[in-house]
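Just so it is clear, none of the values below were taken in a lab; they were calculated from the coordinates. If you're wondering where the values come from, they're calculated on a predicted model, not measured in any experiment. All Cβ positions, glycine included, derive from the backbone under ideal geometry; neighbour counts span all protein chains shown.
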Amino acid sequence: MTRQLPPVVQPTAFPKISSTDVLGRLAALKTAQIAHLKQQWRELYGQEPPPFSRSYITSRLAYRIQELAYGGLKPETRARLEALGEQLDGGNVILRRIRADSRPLPGTRLLREWQGVEHVVTVRLDDFEFEGRPYRSLSAIARHITGTRWNGWTFFGLRAARGGA
């Protein structure tokens, strides 16, 4: 048996948001229930919201509210950004999403103090450099520093630690 999804709201024109309403709407996003946020998504984007976290949805709604009130990017700016993205990843949308969502840009320096010693890792295109040596993962570097197994993204503060205090 196939499950039917609710119909997608397809407004003919997106609502114009008054610039005087922007700050109030942005503030209301912080306390709105997720069902209300999803309804706003449908109204402001004309499609079902993605199955992502609350913080993702609120940040995109905040942008969209401002875009509808003040205007979005100029077409030439969009084209320039698209061209820059293609230079980085050769038009590979999957690679672009991975890089945009999780991996710091090459050249980024990650700093972590451990037992009074500051450790610096440089993000490179396909690996990480620590103490002049290449490492395939941040977890390997964290293990080298601590002598124990760590999630490297958590160790370097790129992902929140799960659980307790």
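A few remarks follow.
- Sequence-distant aspartates and glutamates (8 or more away, or on other chains) whose Cα lies within less than 17 Å of K16: E43, E67
- Between the residues V117, I145, G132, the greatest Cα displacement towards the positive end of the dipole of segment 109-155, with unit charges on the Cβ of Lys, Arg, Asp and Glu, is found for I145.
- Put a dot 7 Å past the Cα of R133, heading toward its Cβ, do the same for Q66, and the two dots end up 4.4 nm apart.
- By the count of other C-beta atoms within 10 Å, a proxy for reagent exposure, W153, W41 are ordered fewest to most as W153, W41.
- Hits among lysines - C-alpha to C-alpha of K30 under 18 Å, sequence gap 8 or more where chains match: K38
- Rounded to whole numbers, the Karplus 3J(HN,Hα) couplings from phi for segment 61-66 are 5, 4, 4, 5, 4, 5 Hz, using 6.51 cos²θ - 1.76 cosθ + 1.60 with θ = phi - 60°, and x at Gly and Pro.
- Extension gain, R159 back to R78 (0.36 nm per residue minus Cα-Cα distance, nm): 26.2 nm
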